[in-house]
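Notes follow the structure.
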Amino acid sequence: MQRIAYLTFFIVTAFIESAAGTVLANDCTSGWRLGYSLDIRDLPENTVSLLQSTSSLQERNGNCFRSLSRLSSLIDQDKERLERVLRSEGYYSALMDSRIQRGTRRVDVTLLISAGPVFTIGDINLITDGSIAPSLQSKLQQLLSATLSGNSPVQALKIIGAEQALITLLHENGYPYADALERDVIIDHASRSASVNFKLRTGPIVLAGQVNFQGLVRTQEQYLQRLVPWQKGDILFRSHLITFQRRLQDTGLFSLTTVDLGPEPSAGQPSSIIVTVEEVPHRRIEVGAGYSTGEGFETEFGWQNKNLNGRGQILSAYAKVGESEQSLEGNWTLPHFRKYDQTLLLDGKIGREVRPAYEARFAETYIGLERKFNKRIKASLGAATKTTVNQQETLEDTFFLAGLPLGFAYDSSDNLFDPSMGTRLTLRVQPTMSVIDDRYFFLINELKATHYWKPADDSWLTVAARARLGNIVGPNLDRLPISERFFAGGGGSVRGFSYQRLGDISDSGTPLGGRSVAEVALEARTRVSERFGLVGFVDAGNVYAEQYPKFSNIRWGVGVGVRYFTDFAPIRLDIATPLNRRDGENKIALYISIGQSF
């Protein structure tokens, strides 16, 4: 019934407005077509654009009107609207008139605006309703002088911005309930100036009190209390609330979070904090697939519970089934372990690899701590073991390896799956000991860097560059487990070459890998429509038996690609060919996966 009533009201309203002579269709047989223009003098271009965008008649230019009285009313409304805009920009003595020329089924309207001189700010006064420390009063005055200077134009946005800056400063100095009272802007037409009086209500200095959560279903309140960035009894700042809300949102457990102050208490008394959340589903299933000429088809299935026990712990299980690898992996992530932004990671994996260079059966374990220092930088330290049975041609070797991997990562990119700006840098340093039979030590070092750049924010072009350097310090190549050596070639390496096919090859055609690696890549990515993009790229690199890269015999691959942009990540299809191809190497390599190549 309510819907019918609403529809009836809408139809009746539309009929009345049409009958009163609002806007008709393009047929002007019984009305007048509007021709509208602004005649503006002595105004900067940005103010002219603001006036044009504010004018309601500008939007109706070229439309038809049945009633000239209705048009006259709209002209008066436009004058009032534009006058407010001129005053907001400091033009308090502007003169405005309209010129109307009526023809056959046409009426031309011109608004004539003479802006006059811009009024400037004279006296600036700050009034607070409570007593505050002289040092804070001085800070307020300094901030006011920096944001709003005398003799500058009387612009409304600058005045409002200065007032908001004063309130923010009070919020960050222990007055979380501070607010603005009605400000006075007194215009003096004789001096063409204005006096601005700011009136602020400081409110009391309050202490942090009880945090009350609303909307929790599975998540434990005790876990969320660990994310609170203040101690109970601390002086409460507004920035505390913003930080707390960001921490809650970063957990990934909620689709909505709000953090608000409770009712205002007396001075020196604790204030309650009210947190309202909406939880997201905590279980999900993941499916992925890919194909490359060297590795063949690959599918991956995953299951994840990202709120185990209601404490934000993540339990994941993955199964990979492909021509080159079949494996099972499980990991357990404990966020904010012993300290905020510190994560405990436990991982185990078993499987079988069928690579061009070798076949292997393996079992891996890892336990480590990851520390996030800020939004861009994190580091990790852990302990890892690996038992592997490697078969290379007719030889089979068993290894038990124990390592202490250290990691460092920097990421300023703007998107995880489709970055267009920023830099990524990862460093892995892993001391490793072989502890069965032939005991020896070796050190793995690997550095990866990518950079993304757009000529302009609205540019259709993104330039992406990648580099990889690595070396292994320790025994010669023959003693190193082949599964721990560096390899190059393939979709995530040097495209155009088959997976692991760069570097030295045995007499029987098996890749031998190396103790060092060097790679570079350059991509030009264009987006030709909302859903499709094109890519051109050049990759280069090689692996070396020596301890350090020689940067000789560089192998080059070039190619093109297509991207289909889904709502979460692009789907990639690349075709590449080697420039300095050797006998037996494929002329064309094809790669299909989710996400950009790097």
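The listed residues are GLY470, GLY514, GLY503, and the only one of them that is touching a residue at least 24 places away in the same chain (Cβ under 8 Å) and in contact with a Ser or Thr (Cβ under 7 Å, 6 or more places away or on another chain) turns out to be GLY470.
The conditions are (1) under 38 Å from the mean Cα position of the chain (by Cα); (2) open to solvent by 40 Å² or more (accessible area, probe 1.4 Å), and ARG479 fails exactly one of them. Which is it? Every listed condition holds for ARG479 apart from (1). Being modelled with pLDDT under 95 and either buried (at least 18 other Cβ atoms within 10 Å of the Cβ) or not hydrophobic (A, V, I, L, M, F, W, C) (or both) is a property that ARG428 lacks.
Being among the hydroxyl-bearing types (Ser, Thr, Tyr) and out of contact with any Pro (no Cβ under 8 Å at 6 or more places or on another chain) is a condition met by at least one residue of the range 132-142. The residue that is most open to solvent (accessible area, probe 1.4 Å), among those in the range 566-598 that are polar (S, T, N, Q) and in contact (Cβ under 8 Å) with a residue 12 or more places away in the chain, is ASN586. What number of residues within the range 253-288 satisfy the criterion of being crowded, with 17+ Cβ neighbours inside 10 Å and within 24 Å of PHE568 (Cβ to Cβ)? Qualifying residue count, the range 253-288: 5. Of LEU82, LEU74, all but one fail to be at pLDDT 85 or above, in contact with a Leu (Cβ under 8 Å, 6 or more places away or on another chain), over 30 Å from SER191 (Cβ atoms) and open to solvent by less than 70 Å² (accessible area, probe 1.4 Å); the exception is LEU74. Among the residues of the range 443-461, the one identified as acidic (Asp, Glu) and surrounded by 15 or more Cβ atoms within 10 Å (Cβ to Cβ) is GLU446.
Listed by position, the strands (runs of 3 or more DSSP E) enclosed by the range 87-131 that each have at least 1 residues that are more than 30 Å from LEU144 (Cα to Cα) and open to solvent by less than 50 Å² (accessible area, probe 1.4 Å) are 95-103, 106-114. In summary, SER413 fulfils each of the numbered conditions (1) open to solvent by less than 50 Å² (accessible area, probe 1.4 Å); (2) closer than 25 Å to LEU447 by Cα; (3) assigned to a strand (DSSP E or B); (4) free of Cβ contacts under 8 Å to residues at least 60 places away in the same chain with the single exception of condition (3).
Yes/no per residue for (1) at positive phi; (2) in a strand (DSSP E or B); (3) at pLDDT below 95; (4) of a type outside the set (Ser, Thr, Tyr):
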position	(1), (2), (3), (4)
THR343	no, yes, no, no
LEU369	no, yes, no, yes
PRO419	no, no, yes, yes
THR423	no, yes, no, no
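Take the residues in the range 494-525 that are at pLDDT 95 or above, open to solvent by 10 Å² or more (accessible area, probe 1.4 Å) and not hydrophobic (A, V, I, L, M, F, W, C); name whichever of them is nearest to ASP438 (Cα to Cα). Checking each candidate, the answer is ARG515.
The condition of being surrounded by 15 or more Cβ atoms within 10 Å (Cβ to Cβ), in contact with a helix residue (DSSP H, G or I) (Cβ under 6 Å, 6 or more places away or on another chain) and among the aliphatic types (A, V, I, L, M) does not hold for LEU136. Look at the range 273-288: where a residue is over 30 Å from LYS232 (Cβ atoms) and in a strand (DSSP E or B) and a partner is modelled with pLDDT under 95 and of a type in the set (A, V, I, L, M), sitting 6+ places away or on another chain with Cβ atoms under 7 Å, you get GLY288/ILE594. Only one of the numbered conditions (1) surrounded by fewer than 17 Cβ atoms within 10 Å (Cβ to Cβ); (2) closer than 17 Å to VAL389 by Cβ; (3) in contact with a Pro (Cβ under 9 Å, 6 or more places away or on another chain) is not met by ALA357, and that is (1).
Just one of the listed residues (ALA464, ALA402) is open to solvent by less than 40 Å² (accessible area, probe 1.4 Å), in contact with a Phe, Trp or Tyr (Cβ under 7 Å, 6 or more places away or on another chain), modelled with pLDDT of 95 or more and among the aliphatic types (A, V, I, L, M), namely ALA464. For the structure I just gave you, tell me whether ILE314 is more than 26 Å from the chain's Cα centre (by Cα), part of a strand (DSSP E or B), among the aliphatic types (A, V, I, L, M) and modelled with pLDDT of 95 or more. Answer is no for this residue.
Of the residues making up the range 512-540, those that are touching a Gly at 6+ places or on another chain (Cβ under 6 Å) and within 19 Å of SER483 (Cβ to Cβ) are GLY514, VAL517.
Counting only strands (runs of 3 or more DSSP E) that sit wholly inside the range 139-252, those with at least 2 residues that are buried (at least 17 other Cβ atoms within 10 Å of the Cβ) are 193-201, 207-214. Would you confirm, using the coordinates I've provided, whether SER69 is in contact (Cβ under 8 Å) with a residue 40 or more places away in the chain and either under 29 Å from SER195 (Cα atoms) or part of a helix (DSSP H, G or I) (or both)? Taking the combined requirement at face value, the residue satisfies it.
The values are calculated or read from the model by the stated rules, or taken from the named source; none is laboratory data. As the structure is a computational prediction, the values presented were derived from the model and not from experiment. Methodologically, a virtual Cβ is constructed for each residue, glycine included, from the backbone with ideal geometry; neighbour enumeration extends over all protein chains shown. Protein only, heavy atoms only, side chains kept; ligands, DNA and RNA dropped before computing areas. Shrake-Rupley method; radii C 1.70, N 1.55, O 1.52, S 1.80 Å.
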